[in-house]
Amino acid sequence: MENLKRLFDNNRKIVEEVTSADPDFFKRRAGKQEPHFLFIGCADSRVPIETLTGVSPGEMFVHRNIANQVVSADLNLLSVLQYAIEVLDVKHVIVCGHYQCGGVKAAMGTESYGLVDYWLAGVRDTVRRHASELEASPGEDERFKRVVDLNVLRQVYNLARTPVVQNAWKRGRRPLLHGLVYDIHDGFLKSIALEVDGPDKVRELFEARRRSIGD
Ligand code: CO
């Protein structure tokens, strides 16, 4: 109970601090949510996205899973995506990976971790697709980082191909897709792909990446 007590104590403290500066803060947010962002990130405990980006409650709709995957048969992700785009009308959908991602690392190795092995099939596929680029990496750390980057790019691509996003684009609604990586070493976010408004744009990004490393 000791650990849980800390959570309740902190919660009380935070509510007191917030309401003493702004007495109606929580009352206002109990009404409608109008987030501009849908964030799809890794379940890793070291990536507290709201804290890192300074968004307030109500500003960001969040979905997290191991290695920030966009899997076309994942009913959970698809429900979140559809609700965010069609009901909440979010303007930006962000896929965010992070360095030192345990899921990505697991997919790069041969060890078995149980159910998560199935979940990470997409990352293993990315490693296979980019084998020559990865073999050309100067070292293991660099290779690990590249897989994290490529995994984000691939998930933006997957996102662009979902019927929900395709239909939204067809109707002239423009959720812009973005791919980011959180550098766990220094706390900064870096961009992998910004303002993607069609699958062609993601293909271009893959091509540009291939050209930039001379593959
Ligand atoms: Co992770």
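A simple rule links phi to the HN-Hα coupling: the Karplus curve 6.51 cos²θ - 1.76 cosθ + 1.60 with θ = phi - 60°, which for the stretch 157-174 gives 4, 4, 4, 5, 9, 6, x, 4, 5, 4, 5, 4, 5, 4, 7, x, 7, 10 Hz, with x for Gly and Pro. Among the GluC sites (Glu not before Pro) found in the stretch 105-188, those both in a DSSP coil and sparsely packed, with 13 or fewer other Cβ atoms within 10 Å of their Cβ, are Glu111. Entry note, the stretch 159-215: relative contact order of 27 percent, from Cα contacts under 8 Å with a spacing of 6+ residues. The Cα-based radius of gyration of the stretch 108-215, divided by its Kirkwood radius, gives an Rg/Rh of 1.00.
Fully extending the segment from Lys105 to Phe25, taken as 0.36 nm per residue of separation minus the present Cα-Cα distance, adds 24.7 nm. Beta bridges from DSSP with both residues in the chain: antiparallel share about 20 percent, rounded to the nearest 5.
Placing a pseudo-label 7 Å from each Cα along the Cα-to-Cβ vector at Glu207 and Thr51 gives an inter-label distance of 4.2 nm.
Calculated from the alpha-carbon coordinates, the chain shows an Rg and a Dmax of 18.9, 58 Å respectively.
Stretched out straight at 0.36 nm per residue, the stretch from Asp74 to Glu86 would grow longer than its current Cα-Cα span by 2.5 nm. For the chain, the relative contact order is 20 percent, taking Cα pairs closer than 8 Å that sit 6 or more residues apart in sequence and dividing their mean separation by the residue count.
Backbone amide hydrogens, once placed in the peptide plane, bring Leu176 within less than 5 Å of His92, Val93, excluding anything fewer than 5 places away on its chain.
In order along the stretch 38-55, the phi-based Karplus estimate (6.51 cos²θ - 1.76 cosθ + 1.60, θ = phi - 60°) of 3J(HN,Hα) comes to 10, 10, 10, x, 7, 6, 3, 6, 8, 10, x, 4, 5, 5, 5, 9, x, 7 Hz; Gly and Pro are listed as x. A convex hull fitted around the alpha carbon atoms of the stretch 105-162 yields 77 Å³ per residue. Fully extending the segment from Trp169 to Asn11, taken as 0.36 nm per residue of separation minus the present Cα-Cα distance, adds 52.8 nm.
For the chain, lysine pairs separated by 8 or more sequence positions, or belonging to different chains, with Cα-Cα distances below 27 Å total 15. Once you reduce the stretch 125-188 and the stretch 71-119 to the center of their Cα atoms, the two points are 11 Å from each other.
Once backbone amide H atoms are built at 1.01 Å from N, Val62 has Phe39 as its partners under 5 Å, excluding neighbours fewer than 5 places away on the same chain.
Given the DSSP H assignment, sum -39500 (n - 2.57) over each helix run of at least 4 residues in the chain and divide by its residue total; what's the result at 222 nm in deg cm²/dmol, nearest 500? Present the calculation step by step, with values, prior to reporting the outcome.
Numbers: 11 runs with 106 residues, N = 215.
About -14500 deg cm²/dmol.
For the stretch 1-126, the Stokes-Einstein estimate of translational diffusion at 10 °C and a viscosity of 1.306 mPa s comes to 94 µm²/s, using the Kirkwood hydrodynamic radius over alpha-carbon pairs.
Where a number appears in this text, it was derived from the coordinates with a stated rule and is not lab data. For clarity, every value in this text was computed on a predicted model and none was experimentally measured. Counting neighbours? That spans all protein chains shown, and the Cβs are built from the backbone with ideal geometry, glycine included.
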